[in-house]
Amino acid sequence: MLSPDLLAEAGRQMAICNACRYCEGYCAVFPAMERRRTFTDTDLVYLANLCFECRDCYYACPYAPPHQLAVNVPKVLAELRTETYRDYAAPRFVSRLFRRNGLAVGLIAVAAVAIVALLVLALRGPSVLFATHLGEGAFYAVIPFAGMVLPASALLLYALGALLVGVVRFWRDTRGTLRELIDARAVVRATRDALGLEYLKGGGAGCTYPDARFSHARRRLHHLVFYGFLLDLAATTVAAIYHHVLGWQAPYPLGSLPVVLGTVGGVLLLVGAGGLLSLKRRSDRQPADRAMLGMDVGFLALLFLTSLTGLLLLALRETPAMGTLLAVHLGTVGGLFITLPYGKFAHVAFRYAALVQNSIESRRSSGA
Ligand code: SF4
Ligand code: SF4
(Lines give C-alpha, C1' and ligand atoms only; values in the text may rest on other atoms or scores of the structure.)
(Ligands and ions follow the chains in the order given, each with its own letter.)
Protein backbone atom coordinates (compact mmCIF):
# COMPACT_ATOMS: atom_id res chain seq x y z
CA MET A 1 0.00 0.00 0.00
CA LEU A 2 1.26 3.48 -0.91
CA SER A 3 2.24 5.68 2.03
CA PRO A 4 -0.63 8.11 2.89
CA ASP A 5 1.93 10.70 4.07
CA LEU A 6 3.79 10.54 0.78
CA LEU A 7 0.56 10.82 -1.22
CA ALA A 8 -0.47 13.83 0.89
CA GLU A 9 2.89 15.51 0.30
CA ALA A 10 2.78 14.85 -3.45
CA GLY A 11 -0.79 16.23 -3.55
CA ARG A 12 0.31 19.35 -1.65
CA GLN A 13 3.15 20.04 -4.09
CA MET A 14 0.97 19.40 -7.14
CA ALA A 15 -1.61 21.87 -5.81
CA ILE A 16 1.11 24.54 -5.49
CA CYS A 17 2.38 23.80 -9.01
CA ASN A 18 -1.14 23.89 -10.38
CA ALA A 19 -1.51 27.42 -9.05
CA CYS A 20 1.93 28.52 -10.24
CA ARG A 21 2.22 26.76 -13.63
CA TYR A 22 5.62 28.28 -14.37
CA CYS A 23 6.99 24.89 -15.51
CA GLU A 24 4.16 23.93 -17.86
CA GLY A 25 6.40 23.75 -20.93
CA TYR A 26 9.07 21.50 -19.37
CA CYS A 27 7.58 18.03 -19.72
CA ALA A 28 4.37 16.00 -19.91
CA VAL A 29 3.80 16.09 -16.14
CA PHE A 30 2.70 19.72 -15.93
CA PRO A 31 0.11 19.70 -18.78
CA ALA A 32 -1.28 16.42 -17.33
CA MET A 33 -1.43 18.06 -13.90
CA GLU A 34 -3.22 21.10 -15.34
CA ARG A 35 -5.97 18.87 -16.73
CA ARG A 36 -6.96 18.18 -13.11
CA ARG A 37 -8.31 20.40 -10.36
CA THR A 38 -7.85 17.85 -7.60
CA PHE A 39 -5.57 14.83 -7.39
CA THR A 40 -6.69 11.34 -6.47
CA ASP A 41 -4.07 8.84 -5.28
CA THR A 42 -4.06 7.19 -8.71
CA ASP A 43 -3.68 10.60 -10.44
CA LEU A 44 -0.53 11.12 -8.38
CA VAL A 45 0.79 7.65 -9.25
CA TYR A 46 0.19 8.41 -12.93
CA LEU A 47 1.95 11.81 -12.74
CA ALA A 48 4.88 10.24 -10.87
CA ASN A 49 5.37 7.71 -13.66
CA LEU A 50 5.23 10.41 -16.34
CA CYS A 51 8.18 12.18 -14.69
CA PHE A 52 11.61 11.54 -16.29
CA GLU A 53 13.47 13.11 -13.38
CA CYS A 54 15.12 15.68 -15.65
CA ARG A 55 15.07 18.08 -12.64
CA ASP A 56 14.45 21.19 -14.78
CA CYS A 57 11.50 22.16 -12.56
CA TYR A 58 13.61 21.86 -9.40
CA TYR A 59 16.32 24.25 -10.58
CA ALA A 60 13.75 26.71 -11.98
CA CYS A 61 11.54 26.74 -8.90
CA PRO A 62 11.57 29.79 -6.60
CA TYR A 63 9.74 27.70 -3.98
CA ALA A 64 12.36 24.92 -3.80
CA PRO A 65 14.14 24.41 -0.43
CA PRO A 66 15.19 26.41 1.56
CA HIS A 67 11.91 28.24 0.74
CA GLN A 68 9.34 27.31 3.39
CA LEU A 69 7.00 25.80 0.74
CA ALA A 70 9.77 23.25 0.09
CA VAL A 71 8.59 22.32 -3.42
CA ASN A 72 10.80 19.52 -4.72
CA VAL A 73 8.82 17.85 -7.49
CA PRO A 74 11.52 15.45 -8.83
CA LYS A 75 12.15 14.10 -5.32
CA VAL A 76 8.54 13.59 -4.26
CA LEU A 77 7.62 12.01 -7.63
CA ALA A 78 10.69 9.73 -7.47
CA GLU A 79 9.64 8.60 -3.98
CA LEU A 80 6.18 7.85 -5.31
CA ARG A 81 7.61 5.93 -8.27
CA THR A 82 9.73 3.82 -5.94
CA GLU A 83 6.59 2.92 -4.01
CA THR A 84 4.70 2.27 -7.27
CA TYR A 85 7.27 -0.31 -8.36
CA ARG A 86 6.97 -2.07 -5.00
CA ASP A 87 3.22 -1.81 -4.72
CA TYR A 88 2.38 -3.04 -8.21
CA ALA A 89 5.11 -5.69 -8.49
CA ALA A 90 3.87 -9.26 -8.51
CA PRO A 91 3.84 -11.40 -6.46
CA ARG A 92 3.71 -8.91 -3.60
CA PHE A 93 5.48 -11.13 -1.04
CA VAL A 94 8.53 -11.27 -3.36
CA SER A 95 8.52 -7.51 -4.00
CA ARG A 96 8.81 -6.95 -0.22
CA LEU A 97 12.24 -8.61 -0.33
CA PHE A 98 13.39 -5.72 -2.52
CA ARG A 99 12.72 -2.91 -0.03
CA ARG A 100 16.45 -2.21 0.11
CA ASN A 101 16.71 -2.64 -3.62
CA GLY A 102 20.39 -1.98 -4.30
CA LEU A 103 21.45 -4.42 -1.56
CA ALA A 104 18.92 -7.06 -2.64
CA VAL A 105 20.03 -6.85 -6.29
CA GLY A 106 23.70 -7.16 -5.27
CA LEU A 107 23.07 -10.19 -3.02
CA ILE A 108 20.94 -11.95 -5.66
CA ALA A 109 23.57 -11.38 -8.36
CA VAL A 110 26.35 -12.76 -6.15
CA ALA A 111 24.17 -15.75 -5.14
CA ALA A 112 23.26 -16.48 -8.79
CA VAL A 113 26.92 -16.44 -9.88
CA ALA A 114 27.90 -18.67 -6.92
CA ILE A 115 25.09 -21.17 -7.63
CA VAL A 116 26.02 -21.52 -11.31
CA ALA A 117 29.75 -21.86 -10.54
CA LEU A 118 29.14 -24.42 -7.75
CA LEU A 119 26.74 -26.44 -9.92
CA VAL A 120 29.31 -26.61 -12.73
CA LEU A 121 32.04 -27.60 -10.27
CA ALA A 122 29.84 -30.26 -8.66
CA LEU A 123 28.39 -31.73 -11.86
CA ARG A 124 31.31 -31.35 -14.32
CA GLY A 125 34.34 -31.08 -12.03
CA PRO A 126 37.34 -28.70 -12.06
CA SER A 127 39.00 -30.61 -14.90
CA VAL A 128 36.17 -29.48 -17.22
CA LEU A 129 35.62 -26.02 -15.73
CA PHE A 130 39.27 -24.98 -15.97
CA ALA A 131 40.17 -26.74 -19.23
CA THR A 132 40.51 -25.18 -22.70
CA HIS A 133 37.59 -26.10 -24.96
CA LEU A 134 37.77 -25.32 -28.67
CA GLY A 135 35.51 -25.55 -31.71
CA GLU A 136 31.79 -25.97 -32.23
CA GLY A 137 29.89 -26.85 -29.03
CA ALA A 138 32.79 -25.72 -26.76
CA PHE A 139 30.44 -23.87 -24.37
CA TYR A 140 28.23 -26.95 -23.99
CA ALA A 141 31.21 -29.00 -22.85
CA VAL A 142 31.11 -26.84 -19.71
CA ILE A 143 27.36 -26.27 -19.33
CA PRO A 144 24.95 -28.39 -21.42
CA PHE A 145 22.67 -26.47 -23.80
CA ALA A 146 19.53 -27.39 -21.83
CA GLY A 147 21.23 -26.30 -18.60
CA MET A 148 21.77 -22.84 -20.09
CA VAL A 149 18.56 -22.28 -22.00
CA LEU A 150 15.88 -23.81 -19.77
CA PRO A 151 16.65 -21.88 -16.53
CA ALA A 152 17.28 -18.62 -18.47
CA SER A 153 13.99 -18.98 -20.42
CA ALA A 154 12.04 -19.83 -17.25
CA LEU A 155 13.47 -16.80 -15.41
CA LEU A 156 12.80 -14.48 -18.36
CA LEU A 157 9.20 -15.72 -18.72
CA TYR A 158 8.69 -15.27 -14.97
CA ALA A 159 10.08 -11.71 -15.13
CA LEU A 160 7.95 -10.72 -18.13
CA GLY A 161 4.83 -12.30 -16.59
CA ALA A 162 5.38 -10.50 -13.25
CA LEU A 163 5.90 -7.19 -15.09
CA LEU A 164 2.78 -7.69 -17.18
CA VAL A 165 0.65 -8.37 -14.09
CA GLY A 166 2.07 -5.21 -12.49
CA VAL A 167 1.36 -3.03 -15.53
CA VAL A 168 -2.18 -4.36 -15.93
CA ARG A 169 -2.84 -3.55 -12.25
CA PHE A 170 -1.30 -0.10 -12.72
CA TRP A 171 -3.36 0.56 -15.85
CA ARG A 172 -6.62 -0.57 -14.26
CA ASP A 173 -6.01 1.65 -11.22
CA THR A 174 -4.96 4.73 -13.14
CA ARG A 175 -7.16 4.45 -16.21
CA GLY A 176 -9.85 1.82 -16.01
CA THR A 177 -10.30 -0.14 -19.22
CA LEU A 178 -7.90 -2.50 -20.93
CA ARG A 179 -9.32 -1.56 -24.35
CA GLU A 180 -7.66 1.84 -24.13
CA LEU A 181 -4.27 0.19 -23.67
CA ILE A 182 -4.50 -0.90 -27.31
CA ASP A 183 -5.52 2.52 -28.66
CA ALA A 184 -3.34 2.49 -31.82
CA ARG A 185 -2.81 6.26 -32.12
CA ALA A 186 -1.89 6.58 -28.45
CA VAL A 187 0.45 3.59 -28.65
CA VAL A 188 2.22 5.04 -31.72
CA ARG A 189 2.72 8.44 -30.07
CA ALA A 190 3.84 6.92 -26.76
CA THR A 191 6.29 4.64 -28.60
CA ARG A 192 7.71 7.63 -30.52
CA ASP A 193 8.10 9.63 -27.29
CA ALA A 194 9.69 6.67 -25.49
CA LEU A 195 12.12 5.69 -28.27
CA GLY A 196 13.21 9.28 -28.88
CA LEU A 197 13.43 10.00 -25.13
CA GLU A 198 11.49 13.11 -26.10
CA TYR A 199 11.24 14.62 -22.64
CA LEU A 200 14.97 14.30 -21.89
CA LYS A 201 15.59 16.84 -24.65
CA GLY A 202 14.18 19.61 -22.44
CA GLY A 203 13.50 22.65 -24.61
CA GLY A 204 16.35 21.50 -26.91
CA ALA A 205 19.25 22.19 -24.54
CA GLY A 206 18.91 18.84 -22.74
CA CYS A 207 18.05 18.33 -19.09
CA THR A 208 19.60 19.61 -15.88
CA TYR A 209 21.33 16.39 -14.92
CA PRO A 210 23.64 15.60 -13.10
CA ASP A 211 23.62 19.23 -11.88
CA ALA A 212 21.99 22.59 -12.68
CA ARG A 213 23.74 22.90 -16.07
CA PHE A 214 21.87 21.76 -19.21
CA SER A 215 23.31 18.65 -20.80
CA HIS A 216 22.41 15.96 -23.38
CA ALA A 217 24.63 13.38 -21.64
CA ARG A 218 21.82 11.53 -19.87
CA ARG A 219 19.68 11.20 -23.02
CA ARG A 220 22.64 10.00 -25.12
CA LEU A 221 23.69 7.44 -22.51
CA HIS A 222 20.10 6.21 -22.21
CA HIS A 223 20.07 5.68 -25.98
CA LEU A 224 23.29 3.63 -25.77
CA VAL A 225 21.81 1.41 -23.06
CA PHE A 226 18.51 0.96 -24.89
CA TYR A 227 19.94 0.18 -28.33
CA GLY A 228 22.73 -1.95 -26.80
CA PHE A 229 20.06 -4.00 -25.03
CA LEU A 230 18.09 -4.38 -28.30
CA LEU A 231 21.21 -5.47 -30.24
CA ASP A 232 22.04 -8.07 -27.60
CA LEU A 233 18.46 -9.33 -27.81
CA ALA A 234 18.83 -9.53 -31.61
CA ALA A 235 22.14 -11.43 -31.21
CA THR A 236 20.46 -13.99 -28.92
CA THR A 237 17.56 -14.39 -31.37
CA VAL A 238 19.86 -14.95 -34.36
CA ALA A 239 21.94 -17.42 -32.33
CA ALA A 240 18.74 -19.32 -31.47
CA ILE A 241 17.87 -19.51 -35.19
CA TYR A 242 21.40 -20.75 -35.98
CA HIS A 243 21.07 -23.43 -33.32
CA HIS A 244 17.51 -24.64 -33.83
CA VAL A 245 16.95 -24.04 -37.55
CA LEU A 246 20.42 -24.40 -39.09
CA GLY A 247 21.88 -26.80 -36.51
CA TRP A 248 25.03 -24.67 -35.99
CA GLN A 249 26.39 -24.71 -32.46
CA ALA A 250 28.06 -21.83 -30.57
CA PRO A 251 30.65 -20.40 -30.27
CA TYR A 252 30.28 -18.73 -33.68
CA PRO A 253 33.12 -17.13 -35.71
CA LEU A 254 34.09 -13.54 -34.91
CA GLY A 255 32.61 -12.22 -38.17
CA SER A 256 29.27 -14.04 -37.76
CA LEU A 257 26.04 -12.10 -37.27
CA PRO A 258 25.35 -13.09 -33.63
CA VAL A 259 28.91 -12.21 -32.58
CA VAL A 260 28.92 -8.87 -34.43
CA LEU A 261 25.48 -7.89 -33.05
CA GLY A 262 26.40 -9.10 -29.55
CA THR A 263 29.75 -7.29 -29.56
CA VAL A 264 28.36 -3.95 -30.75
CA GLY A 265 25.42 -4.29 -28.33
CA GLY A 266 27.73 -5.24 -25.46
CA VAL A 267 30.02 -2.24 -26.06
CA LEU A 268 27.05 0.18 -26.27
CA LEU A 269 25.61 -1.29 -23.08
CA LEU A 270 28.95 -1.13 -21.29
CA VAL A 271 29.56 2.52 -22.23
CA GLY A 272 25.93 3.54 -21.59
CA ALA A 273 25.58 1.82 -18.21
CA GLY A 274 29.08 2.93 -17.10
CA GLY A 275 28.36 6.52 -18.17
CA LEU A 276 25.02 6.59 -16.37
CA LEU A 277 26.67 5.20 -13.22
CA SER A 278 29.25 7.97 -13.42
CA LEU A 279 26.49 10.61 -13.85
CA LYS A 280 24.65 9.16 -10.84
CA ARG A 281 27.78 9.36 -8.72
CA ARG A 282 28.19 13.06 -9.56
CA SER A 283 24.49 13.95 -9.43
CA ASP A 284 23.00 16.51 -7.06
CA ARG A 285 21.44 14.64 -4.10
CA GLN A 286 18.91 17.39 -3.18
CA PRO A 287 16.29 16.47 -5.80
CA ALA A 288 17.02 12.71 -5.47
CA ASP A 289 15.23 9.91 -3.64
CA ARG A 290 17.78 7.69 -1.86
CA ALA A 291 15.79 4.50 -2.46
CA MET A 292 15.46 5.26 -6.18
CA LEU A 293 19.19 5.99 -6.34
CA GLY A 294 19.98 2.57 -4.84
CA MET A 295 17.59 0.96 -7.32
CA ASP A 296 19.22 2.78 -10.26
CA VAL A 297 22.74 1.85 -9.18
CA GLY A 298 21.83 -1.82 -8.62
CA PHE A 299 20.25 -2.17 -12.06
CA LEU A 300 22.96 -0.26 -13.92
CA ALA A 301 25.72 -2.21 -12.15
CA LEU A 302 24.08 -5.51 -13.20
CA LEU A 303 23.78 -4.30 -16.80
CA PHE A 304 27.41 -3.20 -16.75
CA LEU A 305 28.59 -6.55 -15.35
CA THR A 306 26.45 -8.52 -17.81
CA SER A 307 28.01 -6.76 -20.79
CA LEU A 308 31.53 -6.82 -19.29
CA THR A 309 31.45 -10.58 -18.58
CA GLY A 310 29.93 -11.19 -22.03
CA LEU A 311 32.72 -9.29 -23.76
CA LEU A 312 35.41 -10.95 -21.64
CA LEU A 313 33.92 -14.34 -22.50
CA LEU A 314 34.18 -13.47 -26.20
CA ALA A 315 37.79 -12.28 -25.86
CA LEU A 316 38.96 -15.27 -23.75
CA ARG A 317 36.78 -18.06 -25.13
CA GLU A 318 39.76 -20.03 -26.42
CA THR A 319 41.60 -19.98 -23.07
CA PRO A 320 41.21 -21.95 -19.81
CA ALA A 321 39.32 -18.94 -18.36
CA MET A 322 36.32 -19.66 -20.64
CA GLY A 323 34.51 -22.04 -18.22
CA THR A 324 34.74 -19.66 -15.26
CA LEU A 325 33.71 -16.65 -17.38
CA LEU A 326 30.78 -18.60 -18.83
CA ALA A 327 29.55 -19.50 -15.32
CA VAL A 328 29.98 -15.90 -14.11
CA HIS A 329 28.24 -14.46 -17.21
CA LEU A 330 25.28 -16.83 -16.97
CA GLY A 331 24.98 -16.21 -13.22
CA THR A 332 24.94 -12.44 -13.84
CA VAL A 333 22.31 -12.79 -16.57
CA GLY A 334 20.24 -14.97 -14.18
CA GLY A 335 20.55 -12.32 -11.45
CA LEU A 336 19.45 -9.65 -13.95
CA PHE A 337 16.38 -11.65 -15.02
CA ILE A 338 15.31 -12.45 -11.42
CA THR A 339 15.47 -8.80 -10.40
CA LEU A 340 13.89 -7.27 -13.55
CA PRO A 341 10.31 -6.91 -12.22
CA TYR A 342 11.41 -5.51 -8.84
CA GLY A 343 14.02 -2.97 -9.84
CA LYS A 344 14.60 -0.06 -12.18
CA PHE A 345 13.71 -2.05 -15.29
CA ALA A 346 10.06 -1.78 -14.14
CA HIS A 347 10.15 1.90 -15.08
CA VAL A 348 10.19 0.92 -18.77
CA ALA A 349 6.78 -0.72 -18.41
CA PHE A 350 5.14 1.78 -16.02
CA ARG A 351 6.41 4.87 -17.84
CA TYR A 352 5.26 3.47 -21.17
CA ALA A 353 1.75 2.88 -19.76
CA ALA A 354 1.76 6.44 -18.39
CA LEU A 355 2.84 7.80 -21.81
CA VAL A 356 -0.03 5.95 -23.53
CA GLN A 357 -2.43 7.40 -20.99
CA ASN A 358 -0.96 10.87 -21.51
CA SER A 359 -1.38 10.56 -25.25
CA ILE A 360 -5.07 9.60 -24.87
CA GLU A 361 -5.70 12.42 -22.39
CA SER A 362 -3.97 15.14 -24.41
CA ARG A 363 -5.81 14.10 -27.57
CA ARG A 364 -9.15 14.24 -25.79
CA SER A 365 -8.43 17.60 -24.19
CA SER A 366 -7.45 19.08 -27.57
CA GLY A 367 -10.64 17.62 -29.09
CA ALA A 368 -8.68 15.72 -31.79
S1 SF4 B 1 8.01 23.46 -9.63
FE2 SF4 B 1 7.95 25.49 -8.70
S3 SF4 B 1 8.12 26.93 -10.40
FE4 SF4 B 1 7.55 24.93 -11.27
S5 SF4 B 1 5.31 24.99 -11.39
FE6 SF4 B 1 5.87 24.03 -9.44
S7 SF4 B 1 5.85 25.71 -7.96
FE8 SF4 B 1 5.95 26.64 -10.01
S1 SF4 C 1 11.74 16.53 -13.00
FE2 SF4 C 1 11.53 16.99 -15.20
S3 SF4 C 1 10.11 15.40 -15.91
FE4 SF4 C 1 9.91 15.49 -13.68
S5 SF4 C 1 8.25 16.92 -13.28
FE6 SF4 C 1 10.15 18.11 -13.21
S7 SF4 C 1 10.39 18.93 -15.29
FE8 SF4 C 1 8.91 17.25 -15.41
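Quick notes on this one:
- Whole-Å semi-axes of the stretch 92-366's equivalent ellipsoid (Cα gyration tensor): 36, 21, 20
- Candidates 247, 147, 204, ranked by Gaussian network fluctuation over the chain, Cα under 10 Å, top entry: 247
- Average accessible surface for the chain: 47 Å² per residue, computed with a 1.4 Å probe over protein heavy atoms with every protein chain in place.
- For the stretch 224-269, diffusion coefficient by Stokes-Einstein and Kirkwood Rh (Cα), 4 °C, 1.567 mPa s, µm²/s: 125
- Using alpha carbons only: equivalent-ellipsoid semi-axes of the stretch 4-87, gyration tensor based, whole Å: 18, 14, 13
- Whole-Å semi-axes of the ellipsoid equivalent to the stretch 226-354 (Cα gyration tensor, √5λ, descending): 30, 17, 13
- Once the chain from residue 110 to residue 194 is taken as fully extended at 0.36 nm per residue, the excess over their C-alpha distance is 27.0 nm.
- For the pair residue 128 and residue 157, label points projected 7 Å from Cα toward Cβ lie 2.5 nm apart.
- FRET efficiency for residue 212 and residue 254, using Cβ-Cβ distance with R0 set to 41 Å, rounded to 0.05: 0.35
- Lacking any other cysteine beta-carbon closer than 4.7 Å, the following Cys residues of the chain have no compatible partner: 17, 20, 27, 51, 61.
- Carbon plus sulfur fraction of accessible area for the chain, probe 1.4 Å, in percent: 67
- Potential lengthening between residue 363 and residue 15 on full extension [0.36 nm per residue; Cα-Cα distance subtracted]: 122.9 nm
- Distance in nm between pseudo-label sites at residue 246 and residue 180 (7 Å out along the Cβ direction from Cα): 4.7
- Per-pair calculated FRET efficiency, R0 = 30 Å: residue 233 and residue 35 via Cβ, rounded to 0.05: 0.25
- Relative contact order of the stretch 92-366, taken over Cα pairs closer than 8 Å and 6 or more residues apart, is 36 percent.
- Result for the chain in a Gaussian network model with C-alpha springs under 10 Å: among 160, 231, 80, the largest mean-square fluctuation is at 160.
- Based on C-alpha pairs under 8 angstrom that are at least 6 apart in sequence, the stretch 4-87 has a relative contact order of 33 percent.
- Solvent-accessible area of residue 140 with every protein chain in place, 1.4 Å probe, in Å² to the nearest 10: 40
The values are calculated or read from the model by the stated rules, or taken from the named source; none is laboratory data. Predicted model, so just to flag it, every value in this text is computed and none were measured. Glycine also receives a Cβ, built like all others from the backbone with ideal geometry; neighbour counts cover every protein chain displayed. Side chains are part of the model used for accessible areas, which takes the heavy atoms of the whole protein and leaves out ligands, DNA and RNA. Shrake-Rupley method; radii C 1.70, N 1.55, O 1.52, S 1.80 Å.
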